[in-house]
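Beneath this line is the structure, given in structure tokens, with notes to follow.
The values are calculated or read from the model by the stated rules, or taken from the named source; none is laboratory data. Note that this is a predicted model, so its numbers are computed, not measured. Here the Cβ positions follow ideal geometry from the backbone for every residue, glycine too, while neighbour counts run over all protein chains shown.
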Amino acid sequence: MSSKLIAPSVLAADFANLQRDIEMINASDADWFHIDIMDGVFVPNISFGMPVLRDITKHASKPIDVHLMIVDPDRYIQTFEDLGANILTVHYEACTHLHRTLQAIKNAGMKAGVALNPHTPITLLEDVIRDIDLVCVMSVNPGFGGQKFIENTYDKVAALKTLITKKEAATLIEIDGGVTSKNASQLIEKGADVLVAGSYVFKAEDPVSTIKNLKTQIS
């Protein structure tokens, strides 16, 4: 995948009109659906669970990028594959045996992602980077949408890109949190491949043209 990708975050959608918003993403220039699953334990918020994800995948016509912000994600790996996830991202901070978790995700037939909280250093992924399909760099503290972008993210992305290149890995870099047209180009320049955009897309007057403009900006 050489082109840069946009993954609207469904957490910011209008839940009273979820099918409408899913079909809007289907019809837009977006590449993936980004779905945040939160348990109220790992992060101080609760988002949708399995039944809602099942309904989303029923209508979605693009890859489903599921981001688990939960404790003990290993319990649910097969469940999320059954629900239609194409990419399953777990938090580094929630996995005691990260390598084993990554293998379990791949064995279930999904791409394996690892998310890093803002305080978690890139160097911790050195030994497993070649086993990771996607690293999700949190550019806000996880749990709530609409937060301010953390400026240190640029340096972190650059360091991650250096590590991926050094280890000759094929890992994609995803940025999650506070992405707008103001920082999109700079994130891509630093090495990002996938930009997750939530409030910026769904709170826009015209989400389809907002996605199109973002896509044009990073292509």
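If I go through the range 11-36 residue by residue, how many of them are closer than 23 Å to Glu81 by Cβ, of a type in the set (Phe, Trp, Tyr) and in a helix (DSSP H, G or I)?
Number satisfying all stated conditions: 0.
Checking the structure you have, find out if any residue of the range 161-171 is within 24 Å of Ile77 (Cα to Cα) and buried (at least 17 other Cβ atoms within 10 Å of the Cβ).
Yes; the residues of the range 161-171 include at least one that is within 24 Å of Ile77 (Cα to Cα) and buried (at least 17 other Cβ atoms within 10 Å of the Cβ).
Working only within the range 189-219, note down all residues that are within 17 Å of Ile150 (Cβ to Cβ) and either in a strand (DSSP E or B) or touching a helix residue (DSSP H, G or I) at 6+ places or on another chain (Cβ under 6 Å) (or both).
Scanning the range 189-219 gives Lys190, Gly191, Ala192, Leu195, Val196, Ala197, Gly198, Ser199.
Condition first: of a type outside the set (A, V, I, L, M), over 20 Å from His67 (Cα atoms), under 18 Å from the mean Cα position of the chain (by Cα) and exposed (fewer than 15 other Cβ atoms within 10 Å of the Cβ). Can you find one or more residues in the range 193-214 that meet it?
There is no residue in the range 193-214 that is of a type outside the set (A, V, I, L, M), over 20 Å from His67 (Cα atoms), under 18 Å from the mean Cα position of the chain (by Cα) and exposed (fewer than 15 other Cβ atoms within 10 Å of the Cβ).
Of the residues His34, His59, His119, which is within 19 Å of Val137 (Cα to Cα) and surrounded by fewer than 16 Cβ atoms within 10 Å (Cβ to Cβ)?
His119
Do any residues in the range 16-33 that are of a type in the set (Gly, Ala, Ser) have Cβ atoms under 7 Å from those of residues that are buried (at least 20 other Cβ atoms within 10 Å of the Cβ) and not in a helix (DSSP H, G or I), where the two are at least six apart or on different chains, and which pairs are they?
Between residues of the range 16-33 that are of a type in the set (Gly, Ala, Ser) and residues that are buried (at least 20 other Cβ atoms within 10 Å of the Cβ) and not in a helix (DSSP H, G or I), the close pairs are Ala30/Ile6; Ala30/Ala7; Ala30/Pro8.
Considering only the range 135-158, state which residues are touching a helix residue (DSSP H, G or I) at 6+ places or on another chain (Cβ under 8 Å), surrounded by fewer than 18 Cβ atoms within 10 Å (Cβ to Cβ) and in a loop (DSSP other than H, G, I, E, B).
Gly146
I'd like to check something: does the range 16-25 contain any residue that is on the phi < 0 side of the Ramachandran plot, buried (at least 20 other Cβ atoms within 10 Å of the Cβ) and touching a strand residue (DSSP E or B) at 6+ places or on another chain (Cβ under 7 Å)?
Yes: one or more hits.
Considering every residue within the range 4-11, establish whether at least one is crowded, with 21+ Cβ neighbours inside 10 Å, at negative phi and among the small types (Gly, Ala, Ser).
Scanning the range 4-11 turns up at least one residue that is crowded, with 21+ Cβ neighbours inside 10 Å, at negative phi and among the small types (Gly, Ala, Ser).
Within the range 37-61, take every residue that is touching a strand residue (DSSP E or B) at 6+ places or on another chain (Cβ under 8 Å) and assigned to a loop (DSSP other than H, G, I, E, B) and give me the one that is modelled with the highest pLDDT.
The qualifying residue modelled with the highest pLDDT is Ala60.
Every residue in the range 155-199 that is touching a residue at least 60 places away in the same chain (Cβ under 8 Å) and within 17 Å of Asn141 (Cα to Cα), please.
Selection gives Glu174, Asp176, Leu195, Val196, Ala197, Gly198, Ser199.
Could you list all residues from the range 95-132 that are without any contact (Cβ under 8 Å) to a residue 60 or more places away in the chain and closer than 20 Å to Ala197 by Cα?
Val114, Leu116, Asn117, Pro118, listed by residue number.
Scan the range 62-106 residue by residue and report those that are closer than 16 Å to Asn117 by Cα and either of a type in the set (S, T, N, Q) or in a loop (DSSP other than H, G, I, E, B) (or both).
Correct list: Ile70, Val71, Thr89, Cys95, Thr96.
Does Lys182 meet the test of being at pLDDT 95 or above and not in a loop (DSSP other than H, G, I, E, B)?
So Lys182 fails the test.
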